[in-house]
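Below you'll find the structure, written out as structure tokens, and then a few comments.
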Amino acid sequence: MKVVAVIPCYNEEEFIGSVITVCNHHVDCVIVSDDNSTDGTARAARQFGALVIDAPTRAERGAGANTRRGIEEALMADADIIVTLDGDGQHDPGDIPALVAPIAERKADMVIGSRFLADGYKIKRYRKLGIDAITKALNFGSSTKIVDGQSCFRAFSRKVLEQIEITENGFSFSVEVPIKVRAASFRITEVPVRCIYHDRPGSNSAMNPIRHGVSVLLNTAKWRLWELRRKNTEQETDNRTRIVIFSGFYLPHAGGAIYDTHVLARGLVSKGYDVEVVTCNTEHSPWTETVDEVRITRLPCWNLLSGQFPVPKPSMSLVKLFTRKVDLVSTQTRFFATSFVGLLVAKWQGVPLVHTERGSMHSVVQSKLVDKISQAYDHTIGSLIVKNSDVCVGLSAEVCTFLEHLGGTIPVRIPLGVHPAFTDKEQRYPNGKTLVYVGRLIYAKGVQDLLHAFELVKKRTPDASLIIVGDGDYRSKLEEIAGSDVKFLGELPQEQVANVLATADIFVHPSYSEGQPSAVAEAAAIGLPVIATNVGGTRELVEDNITGYLVDPRNTQALTDKILTLLKDTDKARHMGQAGREKMLRDYHWTAMVDSYDKLFRGVIIRWTRG
């Protein structure tokens, strides 16, 4: 078994002789790859019996280029094992047998001489901190952990160096090599070695530590992304169009927008797409899982503003999003941080971005400070997402107008699609006295107005009852306001929500702001008359005096009057409910929404591909 040592060096006349002398006791041949040294390095190397090769051009100089030339020469010399080490005396050639042994015994394909596995190693603190940072970046998210990611005292089997190619000319080759070896599924191990630093001007050890460290760290990030992209490309098993949907919340979190997104994702799968939903792990759920053939990736996150605003944390899952194959990115709602991540992924991957907006105005909050911050966010990050989208989708005409306010150009209107759990179920017409609200329990939903109106209703209709389905940071305040005839059921699965709606008589939705409320469409689809505020896209769902009533927001008296009207006139309530169901089945069926997105996505991808 032929062992060849490769020593890349520059101006190492002082040490090269002694290094070659010890190497000759442990290898069959020593190759010195000289970087056009200005001292007597080449002459000294030849005197001690080494084969010396020079850099042919200035463009092919540097530690990586030097090592590459030496390895190429060693392969031509029929080497079975190649050992690389520095020529400045910091590596002890006496450790070569320890590096060669695991390869000779067929236990490893690459062996790294680790300075930090040996006892009593001495290294300057700033240098150790820099090496640790680079090594952590090298190891992040990988099952193969390396202790000393910057050691260039290494041994390789011939098959490794025949398969991988060193492309970095500078010192960043030190991280390029183990990443490529690992990506090719070769075995890597480490052995302890001794190391002595000689900090002479011009040597690698004396480089500007900040400039050198930052350069290598950036290149480590570059090669890790290369590794992840290569791995994910190899894992692709089909040619389906791949859509990645970014949603701030997703299953098992409950909510109308969440269920709408899942209906869309599931429908796209049925159309032949490969669909992944990226969301924040707000429910401590599995990091990845598949629901209804929709793949879900959940990111670690911070839950800000009482859990209403999840923000992804830096993580390997986040990094991988920039490396996986994707044909189109779909973002949901401008104020979630996941939509900004989706924008970055689309730009990095060079693929089209389609943004779906659900809000028809700036968020409604009690705090003036949060309100100012919210509007500032909308006109910076939110506007950035909208303006950089290839197509913006609004659920209603009001939402499309708001998108134009944020800088969107000619938004496309695609109404929501009602979930089959509601279209397949009809109201059972119980006693005529049960009111129901379904939605988030936050200030902007106006449930406090419903509770005040219900107090007035009770004075005229003592046997009336109110059911509230949902949860949120305003729930405790609402429970303080509510009387004994109000039941809070919390969040429920869609099927249970449908059952609650089917046993109720009137649906009330007193929101201050809406894009196009799913709960209103779902209640109408089951056959309930709807009393709602005349805001946003609600007026598209509810036809005043035909499928229900529209009242001004915050108008408690008007809300009370309409509730009393329908409690008294049950026939009118039933006729309105039936008209509403017919409207939902005709205009808002979930298959129509999926068909619209399918047509839009295919058209966007075709235009993007054609440039």
Legend entry - Pairs with Cβ under 7 Å, 6+ apart, first in segment 354-377 and within 30 Å of residue 242 (Cα to Cα), second among the acidic types (Asp, Glu) and surrounded by 13 or more Cβ atoms within 10 Å (Cβ to Cβ): 354/390; 360/398; 360/514
Inset, instruction - Consider only pairs whose beta carbons are under 8 Å apart and that are at least six residues apart or on different chains; among these, list those whose first residue lies in segment 282-295 and is farther than 19 Å from residue 320 by Cα and whose second residue is of a type in the set (Phe, Trp, Tyr) and not in a strand (DSSP E or B). - result: 282/249
Legend entry - Among the candidates 517, 553, residue that is closer than 26 Å to residue 252 by Cβ and in contact (Cβ under 8 Å) with a residue 12 or more places away in the chain: 517
Inset, instruction - Kindly indicate whether residue 456 is surrounded by fewer than 18 Cβ atoms within 10 Å (Cβ to Cβ), modelled with pLDDT of 95 or more and assigned by TED's automatic domain parsing to the domain that holds residue 580. - result: yes
Legend entry - Scope segment 543-581; condition in contact with a strand residue (DSSP E or B) (Cβ under 8 Å, 6 or more places away or on another chain) and among the aliphatic types (A, V, I, L, M); matching residues: 550, 551, 558, 559, 563, 566, 567, 573, 576
Inset, instruction - Given the conditions (1) of a type outside the set (D, E, K, R); (2) assigned by TED's automatic domain parsing to the domain that holds residue 434; (3) surrounded by 20 or more Cβ atoms within 10 Å (Cβ to Cβ), report the number of the one that residue 575 does not fulfil. - result: (3)
Legend entry - Selection from segment 243-254 of residues that are at pLDDT 95 or above and not aromatic (Phe, Trp, Tyr): 243, 244, 245, 247, 248
Legend entry - Residue that is farthest from residue 452 (Cα to Cα) [pool: residues in segment 476-498 that are free of Cβ contacts under 8 Å to residues at least 40 places away in the same chain and out of contact with any strand residue (DSSP E or B) (no Cβ under 9 Å at 6 or more places or on another chain)]: 476
Inset, instruction - Sort through 41, 67 and tell me the only one that's out of contact with any Ser or Thr (no Cβ under 7 Å at 6 or more places or on another chain), polar (S, T, N, Q) and either in the same structural domain as residue 165 (by TED's automatic domain parsing) or modelled with pLDDT of 95 or more (or both). - result: 41
Inset, instruction - Assess whether residue 53 counts as being modelled with pLDDT of 95 or more, assigned by TED's automatic domain parsing to the domain that holds residue 189 and of a type outside the set (Asp, Glu). - result: no
Legend entry - Tally, over segment 479-519, of residues that are among the acidic types (Asp, Glu), at pLDDT 90 or above and exposed (fewer than 15 other Cβ atoms within 10 Å of the Cβ): 2
Inset, instruction - Hand me the list of strands (runs of 3 or more DSSP E) wholly inside segment 416-532 holding 1 or more residues that are hydrophobic (A, V, I, L, M, F, W, C) and within 20 Å of residue 577 (Cβ to Cβ). - result: 434-438, 465-469, 506-509
Legend entry - residue 365 being assigned to a loop (DSSP other than H, G, I, E, B), hydrophobic (A, V, I, L, M, F, W, C) and farther than 14 Å from residue 309 by Cα: no
Inset, instruction - Could you pull out the residue among 101, 118, 79 that is at pLDDT 95 or above and surrounded by fewer than 16 Cβ atoms within 10 Å (Cβ to Cβ)? - result: 101
Legend entry - Unique match (being assigned to a loop (DSSP other than H, G, I, E, B), surrounded by fewer than 23 Cβ atoms within 10 Å (Cβ to Cβ), out of contact with any Gly (no Cβ under 7 Å at 6 or more places or on another chain) and among the β-branched types (Val, Ile, Thr)) among 401, 409: 409
Inset, instruction - Scan segment 555-563 and give yes if some residue there is surrounded by 24 or more Cβ atoms within 10 Å (Cβ to Cβ), modelled with pLDDT under 95 and either under 26 Å from residue 487 (Cα atoms) or not assigned by TED's automatic domain parsing to the domain that holds residue 463 (or both), otherwise no. - result: no
Inset, instruction - Keeping to segment 151-173, report how many residues are outside any strand (DSSP E or B) and either of a type in the set (A, V, I, L, M, F, W, C) or surrounded by 22 or more Cβ atoms within 10 Å (Cβ to Cβ) (or both). - result: 10
Inset, instruction - Check segment 5-14 and report whether any residue there is modelled with pLDDT of 95 or more, in contact with a helix residue (DSSP H, G or I) (Cβ under 6 Å, 6 or more places away or on another chain) and crowded, with 17+ Cβ neighbours inside 10 Å. - result: yes
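The values are calculated or read from the model by the stated rules, or taken from the named source; none is laboratory data. If you're wondering where the values come from, they're calculated on a predicted model, not measured in any experiment. A quick note on method: Cβ atoms are made from the backbone with ideal geometry, for glycine too, and the neighbour counts reach across all protein chains shown.
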